[in-house]
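**Q** Got a structure for you, written out below as structure tokens; questions coming shortly.
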Amino acid sequence: MALIRCDFHSEALGMGTSMTVLLPDPAGSGIGLAGSAPAGDPPVLYLLHGLSDDDTVWTRRTSVERYVAPLGLAVVMPQAGRSFYTDEEHGNRYWTFLSAELPELCRSFFRLSDRREDTFVAGLSMGGYGAVKWALREPGRFAAAASLSGALDFARRRDHPTSPVDPAVWHPVFGDRHVPGSDDDTMALLERAGDDLPALYVACGTEDFLFDDNTRFVETARGRGVPLTVDFSPGAHDWAYWDAKIRDVLAWLPLRTPSGA
């Protein structure tokens, strides 16, 4: 794999930002690591970070580079601060950056497929929320979307009696906006989603403080007849769990067979 830390200017954000990118490498001469690449432009996984992290965290705390090396898959990991991948009320336009600007920039910087069947999104915690929100708001963009320990009922958590959202987190992003029922409410998006959705994968540890959010999301999806793959198993809100589950996500993705595989 080629690992690139890309610093660039974002028009949507009005400032410099960064992303970490993994690109397929067909070379197989590395000791203990086989590379692979598709014949044409590679498929791409947008992999989103959580609330306390940045664009480097997936490569620092998991072996995602090693996991994707034989798959011929590019991975784009953008920087999104603590934005919940939202156009912030008192901050910046991270939803616009993610959904409109980032894919175009990536395809201008790198050789990446723009076909729906080659485009995927996943994330953990805040990034799980962002991945599902992006997939439900723009279902025609993605073939598959995965959430690991996602904040999938985030709108309900603002005033949750046992686990409320810290106002220091909520207010800069949403201010006094009414989030329930809006396009930032993943449960509402699920309720009004059409039939042509990407494949959905929901994983959460049974010891995770977000487990109830994930069970409500799954129950709502099943109530609407939305097909999804569910993985509820022992685990906490930590990197031991996410390092294991990202491997399951990669195995689940409907990837075309790379050349040389």
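**Q** Tally up the residues in region 223-250 that are buried (at least 18 other Cβ atoms within 10 Å of the Cβ), β-branched (Val, Ile, Thr) and either touching a Leu at 6+ places or on another chain (Cβ under 6 Å) or part of a strand (DSSP E or B) (or both), please.
**A** Of the residues in that region, 0 qualify.
**Q** Related question: Any chance you could count how many residues in region 73-91 are assigned to a loop (DSSP other than H, G, I, E, B) and either among the hydroxyl-bearing types (Ser, Thr, Tyr) or crowded, with 24+ Cβ neighbours inside 10 Å (or both)?
**A** The total comes to 6.
Condition check ((1) assigned to a strand (DSSP E or B); (2) touching a Leu at 6+ places or on another chain (Cβ under 6 Å); (3) modelled with pLDDT of 90 or more) across all residues:
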position: ALA135; (1), (2), (3): no, no, yes
position: SER147; (1), (2), (3): yes, no, yes
position: PRO161; (1), (2), (3): no, no, no
position: ASP183; (1), (2), (3): no, no, yes
position: GLY194; (1), (2), (3): no, no, no
position: TYR201; (1), (2), (3): yes, no, yes
position: VAL218; (1), (2), (3): no, no, yes
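**Q** So how many residues does region 5-36 have that are surrounded by fewer than 21 Cβ atoms within 10 Å (Cβ to Cβ), touching a residue at least 24 places away in the same chain (Cβ under 8 Å) and not hydroxyl-bearing (Ser, Thr, Tyr)?
**A** 15
**Q** Kindly list the number of the only condition in (1) crowded, with 20+ Cβ neighbours inside 10 Å; (2) part of a loop (DSSP other than H, G, I, E, B); (3) touching a Lys or Arg at 6+ places or on another chain (Cβ under 6 Å) that fails for ASP55.
**A** Answer for ASP55: the failing condition is (3).
**Q** Given the structure, is PHE120 under 28 Å from THR220 (Cα atoms), in a loop (DSSP other than H, G, I, E, B) and within 13 Å of the chain's Cα centre (by Cα)?
**A** In short, no.
**Q** Moving on to the next point. For GLY123, indicate whether it is of a type outside the set (Lys, Arg), closer than 27 Å to ALA168 by Cα and modelled with pLDDT under 95.
**A** So GLY123 fails the test.
**Q** As an exercise: evaluate LYS133 against (1) touching a residue at least 60 places away in the same chain (Cβ under 8 Å); (2) buried (at least 24 other Cβ atoms within 10 Å of the Cβ) and give the number of the one condition it does not meet.
**A** (1)
**Q** Let me ask something else. Among the residues that make up region 165-184, is at least one of them out of contact with any Cys (no Cβ under 6 Å at 6 or more places or on another chain) and on the phi > 0 side of the Ramachandran plot?
**A** Scanning region 165-184 turns up at least one residue that is out of contact with any Cys (no Cβ under 6 Å at 6 or more places or on another chain) and on the phi > 0 side of the Ramachandran plot.
**Q** Provide a single number: the residues in region 210-222 that are surrounded by 14 or more Cβ atoms within 10 Å (Cβ to Cβ) and without any contact (Cβ under 8 Å) to a residue 60 or more places away in the chain.
**A** Matching residues across region 210-222 total 6.
**Q** Search region 236-250 for residues that are among the β-branched types (Val, Ile, Thr) and pair each with any residue that is assigned to a helix (DSSP H, G or I) and at pLDDT 95 or above when their beta-carbon atoms are under 9 Å apart and the residues are at least 6 apart or on different chains.
**A** Pairs found: ILE246/TRP58; ILE246/VAL64; ILE246/TYR67.
**Q** Give the residue, chosen from ARG66, ARG111, ARG61, that is out of contact with any Asp or Glu (no Cβ under 9 Å at 6 or more places or on another chain), surrounded by fewer than 24 Cβ atoms within 10 Å (Cβ to Cβ), over 18 Å from VAL173 (Cα atoms) and touching a residue at least 24 places away in the same chain (Cβ under 8 Å).
**A** When all the criteria are applied, what remains is ARG66.
**Q** Ok, one more. Among the numbered criteria (1) assigned to a loop (DSSP other than H, G, I, E, B); (2) without any contact (Cβ under 8 Å) to a residue 40 or more places away in the chain, which one does ASP41 miss?
**A** Here ASP41 meets the rest and fails (2).
**Q** Can you name every residue in region 161-184 that is under 17 Å from GLY123 (Cβ atoms) and either buried (at least 17 other Cβ atoms within 10 Å of the Cβ) or charged (D, E, K, R) (or both)?
**A** Within region 161-184, VAL173, ASP184 qualify.
**Q** Could you check ASP153 against (1) surrounded by fewer than 17 Cβ atoms within 10 Å (Cβ to Cβ); (2) closer than 16 Å to GLY127 by Cα and say which number it fails?
**A** Tallying (1) surrounded by fewer than 17 Cβ atoms within 10 Å (Cβ to Cβ); (2) closer than 16 Å to GLY127 by Cα, ASP153 fails exactly one: (1).
The values are calculated or read from the model by the stated rules, or taken from the named source; none is laboratory data. All values reported here derive from a predicted model rather than from experimental measurement. Note: ideal-geometry Cβ built from the backbone for every residue, glycine included; neighbour counts use all protein chains shown.
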